[in-house]
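Enquirer: Here you go, one structure.
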2 protein chains.
Amino acid sequence: MRFYEDITVGDRREFGEFRITKDEIIEFARKYDPQPFHLDEEAAEGSMFGGLVASGWQTAAICMRLTVENITDVATLGGLGVDNLRWHTPLRPGDTVHLRTEVLDKRPSESRDDRGYVTRQVEGVTDDGTRVISYEGIEIVRRDIGADSETRPNSV
Amino acid sequence: MRFYEDITVGDRREFGEFRITKDEIIEFARKYDPQPFHLDEEAAEGSMFGGLVASGWQTAAICMRLTVENITDVATLGGLGVDNLRWHTPLRPGDTVHLRTEVLDKRPSESRDDRGYVTRQVEGVTDDGTRVISYEGIEIVRRDIGADSETRPNSV
């Protein structure tokens, strides 16, 4: 398991695939984003998108799924938030999403010795490299208290 | 229908309610965020959260649902992105989310005469006023071309 101390700024990864179906788009939209261009093919044809497209929040959720499945070696405690989320191109039925990630920044918590914050740039792209979404996710990551206390004996 | 020109910076609204169940938390997590503290009550008790909590992306999706259901009078063309999203307190089974929104900013598109961007602060709070999520959503809103062309005759 990689702790906060083991995370390297600049570390890049590319991984994962999630193919979205028409039924999944409509199912998500019914529950969380019931706008015509996410719900109904005919109505979507007359919209700005010219056809059925996934809710942007579903596209973000798919990126989360790919992250959880593929970044399995980090001692994450949960998410703090997200900056600069942008939807570049809508996701359509049959599209497959892949992720490109890069560690942008890390900083220790000022109030808690046992954790730090890691900012990861995430880009979701389709098979032909079209960028559908990008954001900077801030994760809370456990510090390696054992190793840390060796180098900072006064902190215990 | 309210167009870009009809949106007032500073406009505040409070509305909506969405009560989340344990089953909904687990169903969303299985599909989009399969981490133990979103999936399994027993595993969640041993986590930082001390019990089952909703995926932060589900909390965001619930805010979208409440927005779509309650802000029905704006000529929106879709979402551009989100800034400063923060998860303040995790959402737990039985919690009910309400929204507080405020229009922070609006600006016309530089490349397209027919649209502008509206930034709306969104806060999701539970019954007792605990803030679970906040973000600034940027929406693309249709301009009232008819009225606009009267005041800018050279633009057509």
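The values are calculated or read from the model by the stated rules, or taken from the named source; none is laboratory data. Note that this is a predicted model, so its numbers are computed, not measured. Virtual Cβ from ideal backbone geometry, glycine too; neighbours counted across all protein chains shown. All accessible areas refer to the heavy atoms of the entire protein, side chains included, with ligands and DNA or RNA removed. Shrake-Rupley method; radii C 1.70, N 1.55, O 1.52, S 1.80 Å.
Enquirer: Is it true that A:ASP105 is open to solvent by 60 Å² or more (accessible area, probe 1.4 Å) and part of a strand (DSSP E or B)?
Expert: Considered against the rule, which asks whether it is open to solvent by 60 Å² or more (accessible area, probe 1.4 Å) and part of a strand (DSSP E or B), A:ASP105 comes out as yes.
Enquirer: Is it the case that B:ASP127 is farther than 25 Å from A:GLU123 by Cβ and acidic (Asp, Glu)?
Expert: The answer is yes for B:ASP127.
Enquirer: Output the residues belonging to region A:84-102 that are at negative phi and either assigned to a loop (DSSP other than H, G, I, E, B) or open to solvent by 30 Å² or more (accessible area, probe 1.4 Å) (or both).
Expert: Listed by number, the residues that qualify are A:ARG86, A:TRP87, A:HIS88, A:THR89, A:PRO90, A:LEU91, A:ARG92, A:PRO93, A:ASP95, A:HIS98, A:ARG100, A:GLU102.
Quick grid of which residues meet (1) under 20 Å from B:VAL68 (Cβ atoms); (2) of a type outside the set (D, E, K, R); (3) outside any helix (DSSP H, G or I):
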residue	(1), (2), (3)
A:GLU24	yes, no, no
A:SER47	yes, yes, yes
A:VAL53	yes, yes, yes
A:THR72	no, yes, yes
A:GLY79	no, yes, yes
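Enquirer: Taking the conditions exactly as written (without any contact (Cβ under 8 Å) to a residue 24 or more places away in the chain and assigned to a loop (DSSP other than H, G, I, E, B)), does A:GLY10 satisfy them or not?
Expert: For A:GLY10, the condition - without any contact (Cβ under 8 Å) to a residue 24 or more places away in the chain and assigned to a loop (DSSP other than H, G, I, E, B) - is not met.
Enquirer: Restricting to region A:22-53, count the residues that are open to solvent by less than 50 Å² (accessible area, probe 1.4 Å), more than 10 Å from chain B (Cβ to nearest Cβ) and either closer than 30 Å to A:ASP114 by Cα or in contact with a Gly (Cβ under 8 Å, 6 or more places away or on another chain) (or both).
Expert: 1
Enquirer: Right, another one. Just one of (1) touching a Pro at 6+ places or on another chain (Cβ under 9 Å); (2) hydrophobic (A, V, I, L, M, F, W, C); (3) more than 7 Å from every other protein chain (Cβ to nearest Cβ) trips up A:VAL68, so point out which.
Expert: Answer for A:VAL68: the failing condition is (3).
Enquirer: Follow-up. For region A:124-139, what are the residues that are surrounded by fewer than 19 Cβ atoms within 10 Å (Cβ to Cβ) and either within 14 Å of chain B (Cβ to nearest Cβ) or closer than 17 Å to A:VAL82 by Cβ (or both)?
Expert: A:ARG131, A:SER134, A:GLU136
Enquirer: Restricting attention to region A:1-21, and to residues there that are touching a helix residue (DSSP H, G or I) at 6+ places or on another chain (Cβ under 9 Å) and among the hydrophobic types (A, V, I, L, M, F, W, C), which single residue is surrounded by the fewest Cβ atoms within 10 Å (Cβ to Cβ)?
Expert: That would be A:PHE15.
Enquirer: A further question follows. Can you spot a residue in region B:97-108 that is within 14 Å of chain A (Cβ to nearest Cβ) and in contact (Cβ under 8 Å) with a residue 12 or more places away in the chain?
Expert: There is at least one residue in region B:97-108 that is within 14 Å of chain A (Cβ to nearest Cβ) and in contact (Cβ under 8 Å) with a residue 12 or more places away in the chain.
Enquirer: Which of the residues that make up region B:71-88 are within 18 Å of A:ILE138 (Cβ to Cβ) and facing chain A (nearest Cβ under 8 Å)?
Expert: B:GLY81, B:VAL82, B:ASP83, B:ASN84, B:LEU85, B:ARG86, B:TRP87, listed by residue number.
Enquirer: Would you mind telling me which numbered condition in (1) assigned to a helix (DSSP H, G or I); (2) more than 10 Å from chain A (Cβ to nearest Cβ); (3) in contact with a helix residue (DSSP H, G or I) (Cβ under 9 Å, 6 or more places away or on another chain); (4) not acidic (Asp, Glu) B:THR59 fails?
Expert: (3) is the only condition that B:THR59 fails.
Enquirer: When B:ASP148 is evaluated against the numbered criteria (1) at pLDDT below 95; (2) away from chain A (no Cβ under 14 Å); (3) within 18 Å of the chain's Cα centre (by Cα), which criterion, by number, is the only one it fails?
Expert: Checking B:ASP148 against (1) at pLDDT below 95; (2) away from chain A (no Cβ under 14 Å); (3) within 18 Å of the chain's Cα centre (by Cα), the one that fails is (3).
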